[in-house]
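> One structure, pasted below without further comment.
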Amino acid sequence: MKATSVVTDEPIRLSPRSRFQAAMILAMAADALQIFVFPLFAEGALSPADDALDIAVAAVLVHLLGWHWEFLPAFAAELVPGVDLVPFWTLAVISAYRKWKQITIPVEETREQRPALPKPHNS
């Protein structure tokens, strides 16, 4: 028997929750790298490796989640020596997720609510 594989040109669609999970993993990894591999990134704004990491993280986060204003101050803070030891990328993703949840929950609550039991008929 010959096995066949199906290859499609369609990109894989991720749910918003999966996108936030991927963004959180990326943000935490970038922040951990900047905090725990401190000697490589000690120069802050003067470190080309730190700048390249921050630009790459910002680009991937915007690609995954779209533009959020939280990313701008996080990017700026990552350029300041010493301040970049605060996990700003993680905080920015948490803030974007919190705002997304606040928007998503009211939309789900506005769906038509039907009673579990039918109304009793008065005879």
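The values are calculated or read from the model by the stated rules, or taken from the named source; none is laboratory data. These numbers were taken from a predicted model, which means no experiment stands behind them. With ideal geometry, Cβ positions are generated from the backbone for all residues, glycine too; neighbour counts draw on all protein chains shown.
> When you go through VAL93, VAL62 one by one, which is the residue that is modelled with pLDDT of 90 or more, surrounded by 14 or more Cβ atoms within 10 Å (Cβ to Cβ) and among the aliphatic types (A, V, I, L, M)?
Numbers: VAL62 fails: surrounded by 14 or more Cβ atoms within 10 Å (Cβ to Cβ).
Checking each option against the conditions leaves just VAL93.
> Going by what's in this entry, would ASP84 be described as in contact with a helix residue (DSSP H, G or I) (Cβ under 6 Å, 6 or more places away or on another chain) and at pLDDT 85 or above?
no
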